[in-house]
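This report concerns only the one structure given below.
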Amino acid sequence: MSNLLEQAKIAAQQQNWSLVSYYLQQFISESNSKKTTSTFQNDNVDLDAVIDLGIEVLENGDFQEKWDIDKLFKQIGKPAISPLIEILKDRDIDLEERWFVTRILAKFNSEEVLEVMGNIIVSSEAEDLQEIAADTLANFGESGVDLLTNLLSKPESRLLATKALAKINCISIITPLLTVVKDKNNDVRIAAISALTNYSDSRIPLVLISALKDTVAKVRKAAVIGLAGYANLQKELGLVKLLQPLLWDINFEVSQQAAIALGKIGTNSAATGLFELLKTATVPIFLKIDAVRALGWIETQVSLEYLQNLLGYNFLVEEDAREQIVNEIIRALGKLENPELKPQATDILIEFIASSNPSLESACVKKSLALALGYLGNIHALDYLIQLLEYEDNSVRLHSVAAMKQLNLEKAYQKLIYLSGQATLNSQLKTGIAIAIAEMNKFNKI
């Protein structure tokens, strides 16, 4: 027997479990460092001794010592499976030890482990053990699907089996999960519907549509998220008509997802649904922000007109939240990608700058306007960006300069040089222009 194993045995007699673990790890390292592992793999006496000593650590060590011995069994491999399973089957053994054994076995993908994990799930074991067992089967991937499918037929194991199937990333979980989408257990339905939203399958949309009427908000929310992935079938499924009522759901998380889904569908009728929501004064600010963002994604003539109308409304929200909504509308207009709509979006923002809207007093709104006009890239916005230089807040001025650079640096610089010589300028605008010229000079030197 190896000298290291002899030392590990002596440490075990002294109940020094950390030292036992150390000597065993050293023994494994030495065995693995040799070109041939015959000393370790073929010497049954040594192998049995390592396993027995490792089990002693599991039986007697403290939490950290048991945790550390996990690596040892992983290195031993398959020969450790049967002795560990025997411990797991013995209900008289301390629960903590069996919990560690379950964790260790979870790392072995074998039929024996598969079977024992299934038995744990259907038995009256401690919940912690059952959850580890379910996670283990999920980690087995497709090879665990059949066993988990069988466990769906048993009420006591259905929830754990559903959650485990939901964690497996393969299309073979679709069929078994479809069998539990109307289960009486709310958590089973939530897990099944949420998992099915990750797949595209002709059987799933009708299931999701049915789930829109579920009494549990989490199920409705998952169904809405799932249906957003079928935006390409919005006509066939009538998604806008189905999802629009969910904008007014009693649960705001469902409403938020309905707004996001309508934005992804991107039709004029979807835009109309979002507009109706945004016109309602009693809708919470966080929901309106999501709805504005979704309306911005749609990028049609209709959605652009809605954003323009909303920008001028003063009854959208409470006065202290109005600035947030105005900012979101400006950002939505500034992020438009459709080249045909960009000129009109620029005109809307310029018109807003020329208005007397009280939100224009906000530095935050002015910065958003500068950024949006810069992103849209229309040179016609140059004069209006120059107007923003009059504002005393330097961050607004710097945002305006950054936007000018995006439009046309040379034209902007020439216009600023020309204006700087005008005697009729007020002192604030003169200062702003001087700052802008200085910033552009820095940029030219780089």
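Kindly report the accessible area of the range 347-435 per residue (heavy atoms of protein chains, probe 1.4 Å, no ligands, DNA or RNA), in Å².
For the range 347-435, the solvent-accessible area averages 48 Å² per residue.
GNM on the chain, C-alpha springs below 10 Å: top fluctuator among 195, 402, 231?
Of 195, 402, 231, the most mobile in the Gaussian network model is 402.
For the chain, what is the per residue volume of the convex hull drawn over the alpha-carbon atoms, in cubic angstrom?
234 Å³
In debye, nearest 20: dipole of the range 274-399 around its Cα centre with unit charges on the Cβ of K, R (+) and D, E (-)?
Its charge dipole is roughly 240 debye.
In nm, what is the difference between 0.36 nm times the number of residues separating residue 126 and residue 170 and their Cα-Cα distance?
Length difference between fully extended and current span is 12.9 nm.
How big is the dipole moment of the range 362-446 about its Cα centre under a simple scheme where the beta carbon of each Lys and Arg is +1, that of each Asp and Glu is -1, and everything else is neutral? Debye, nearest 20, please.
Dipole about the Cα centre, nearest 20: 180 debye.
Any idea which of 304, 191, 8 is furthest toward the positive side of the dipole for the chain, if Lys and Arg beta-carbons carry +1 and Asp and Glu beta-carbons -1?
So the residue furthest toward the plus end is 304.
Please give the Cα centre distance for the range 224-254 versus the range 46-87, rounded to the nearest Å.
Rounded to whole Å, the Cα centres lie 53 Å apart.
What ranking do 244-250, 19-25 get when scored by the average of other Cβ atoms within 10 Å per residue, highest first?
The packing order, highest mean first, is 19-25, 244-250.
Over the range 173-310, average the accessible area per residue using a 1.4 Å probe and give it in Å², no decimals.
Roughly 44 Å² per residue, with all protein chains present.
Would you work out the charge dipole size for the chain about its Cα centre, treating the Cβ of every Lys and Arg as +1 and the Cβ of every Asp and Glu as -1, and quote it to the nearest 20 debye?
For the chain, the charge dipole is close to 2060 debye.
Quick one: with all protein chains in place, what share of the accessible area of the range 248-298 is carbon or sulfur, to the nearest percent (1.4 Å probe)?
About 56 percent, which is the carbon plus sulfur part of the accessible surface.
Springs between alpha-carbon pairs under 10 angstrom, Gaussian network model over the chain: which of 187, 214, 52 fluctuates most?
Evaluated over the chain, the most mobile residue of the options is 52.
Over the range 312-446, what percent of the accessible surface lies on carbon and sulfur atoms, probe 1.4 Å?
For the range 312-446, the apolar C and S fraction of the accessible surface comes to 50 percent.
On alpha carbon coordinates alone, what is the Rg over Rh value for the range 307-406, Rh being the Kirkwood radius?
Rg/Rh: 0.94.
Could you list, in their original order, any pairs among 163/241; 89/163; 288/342; 279/405; 241/367 whose Cα atoms are separated by more than 27 Å?
Long pairs (Cα-Cα over 27 Å): 163/241; 279/405; 241/367.
Helix 217-228 sits at what angle to the longest principal axis of the chain, using alpha carbons and giving 0 to 90 degrees rounded to 10?
Rounded to the nearest ten degrees, it is 70.
Test of understanding: in a Gaussian network model of the chain with alpha carbons linked when under 10 Å, which of 162, 424, 136 would top the mean-square fluctuation ranking?
Judging by the Gaussian network model, the answer is 424.
222 nm [θ] for the chain, helices only, -39500 (n - 2.57) per DSSP H run of 4+, per residue, to 500?
The helix-only estimate for the chain comes to -22000 deg cm²/dmol at 222 nm.
Report in % the part of the accessible area of the range 183-224 that belongs to carbon and sulfur, leaving out ligands and nucleic acids; probe 1.4 Å.
50 percent
For residue 98, what accessible surface area do you get with a 1.4 Å probe? Give it in Å², rounded to 10.
We get 10 Å² for residue 98.
Mind ranking 154, 335 by accessible surface for me, highest first, 1.4 Å probe?
The residues order as 335, 154, largest area first.
The values are calculated or read from the model by the stated rules, or taken from the named source; none is laboratory data. A quick note: this is a predicted structure, and the numbers were derived from the prediction, not measured. Every residue, glycine as well, gets a Cβ built from its backbone with ideal geometry; the counts of neighbours run over all protein chains shown. Keep in mind that these areas ignore ligands, DNA and RNA; they rest on the heavy atoms of the full protein, side chains included. Shrake-Rupley method; radii C 1.70, N 1.55, O 1.52, S 1.80 Å.
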